[in-house]
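Below is one structure, written out as structure tokens; the observations come after it.
The values are calculated or read from the model by the stated rules, or taken from the named source; none is laboratory data. The structure displayed is predicted, hence computed values, not measured ones. Here the Cβ is made from the backbone with ideal geometry for all residues, glycine too, and neighbour counts use every protein chain on show. Side chains included, ligands, DNA and RNA excluded: accessible areas come from the protein's heavy atoms. Shrake-Rupley method; radii C 1.70, N 1.55, O 1.52, S 1.80 Å.
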Amino acid sequence: MLVWLALSFINGSMVHTFLRYRLFYENPRYIMFICMVVNDALQLSLVTALYVVSYIFRKIHTSVCCFLIMTAVLTTRSTPLILAGMAVERYISICFPLHYSQMCTVPRTLLLICAILILTFTPPITDLLITIVNEPLSYFNSTIFCDHPLLFRHPSIYYKNCVFDGVYLSFVALTLLYTYCKIMLAAQAASTSLVSVKRARNTVLLHGVQLLLCMLAFVVPSLQAALISLFPLMSLEIRYIFFLVVYIIPRFLSPVIYGCRDEQFRKYLIRDLVCRSQSLTRVRSV
């Protein structure tokens, strides 16, 4: 909970800085960044709530669990696609700088975000529809341990999600690899060592690390179940370690990659934090 509170404060500060200055929400790069921050904050809050509920209540109402699981799945699957969009934006800014203003506009960025939401909302909706068809209505009035395989337990759901996850994660991985290689070629072709090219290359590389960490979320259930079966007395420790590695660390990287590495955003973020601390000091003194 302390880690969640700390990350929520960081993400909230970044959203506040973004909304306060017009130059950010007129820039496609920062629009996609803040979508990543909001998505990660929501995903982290939902996953933390599910994690705490599983310890305190064990079982909750199935309909409530359904809402929490579907929203958590939506935000989890959105992250890799937003990473791909941010990598493409960096690729265009480096390889097509003269056409950047025509290719990367605010309306196109918002359209891309809507397409990502529709694409990632489709699997949980189909999970729900398959469950409604194959389960009695009394199923949604019962209580359940809130876990995706226990909630959506029809065998076809598992195979459908395996196919979907494999296709779209492969697409994201190929997109990151392609943009990274193109940016590397642009860096080699440059007559001088360009700081912007190096920064874009490192950013896409960090996106690749984020993607690898995000992909762990899709293999963790099987690996976690296998480890718990081997070490049943350490089940709580195993779940906690996977929770930190798979859900906490990737959510921490997002603000670091843009919020701290981006000079312009960092300058305004520090300014806001300093102003806020000074305001609190004045209130306390009064």
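Once the Cα-Cα distance is subtracted from the 0.36 nm per residue extended length, the Ala49 to Asn202 segment shows a gain of 51.7 nm.
The label-point distance for Thr122 and Arg20, in a model that sets each label 7 Å from Cα toward Cβ, rounds to 4.1 nm. Placing R0 at 41 angstrom, the Cβ-Cβ distance between Arg108 and Ile248 gives a FRET efficiency of 0.80 after rounding to 0.05. Electrostatic tally near Thr62: other residues with Cβ closer than 12 Å to its Cβ, Lys and Arg +1, Asp and Glu -1, net 0.
At a Förster distance of 51 Å, what's the computed FRET efficiency of Tyr158 paired with Cys275, Cβ-Cβ distance as r, to 0.05?
E between Tyr158 and Cys275, to the nearest 0.05, is 0.50.
Computed packing ranks the peptides 81-91, 176-186, 266-276 as 81-91, 176-186, 266-276, most packed first, by mean other Cβ atoms within 10 Å. Can you compute the FRET efficiency between Ser63 and Tyr240 using 1/(1 + (r/R0)^6), with r the Cβ-Cβ distance and R0 = 30 Å? Round to the nearest 0.05. The calculated FRET efficiency here is 0.60. Under the criterion of Cα pairs below 8 Å and six or more residues apart, the relative contact order for segment 84-186 equals 52 percent. Per residue, segment 1-103 exposes 44 Å² of solvent-accessible protein surface, assessed with a 1.4 angstrom probe and all protein chains in place. The structure-derived value of Rg and Dmax of the Cα atoms in Å appears in the list (1) 26.9, 92; (2) 19.6, 68; (3) 21.1, 69 under the label (3). Summing charges over all other residues whose Cβ lies under 9 Å from the Cβ of Pro123, with Lys and Arg as +1 and Asp and Glu as -1, gives 0.
Between Leu174 and Leu230, the simple spin-label model (points 7 angstrom out along Cα→Cβ) gives 3.4 nm. Around the amide H of Lys59, modelled in the peptide plane, lies no amide H under 5 Å away from a residue 5 or more places distant or on another chain. A simple spin-label model places pseudo-atoms 7 Å from Cα toward Cβ; at Leu5 and His99 they are separated by 5.1 nm.
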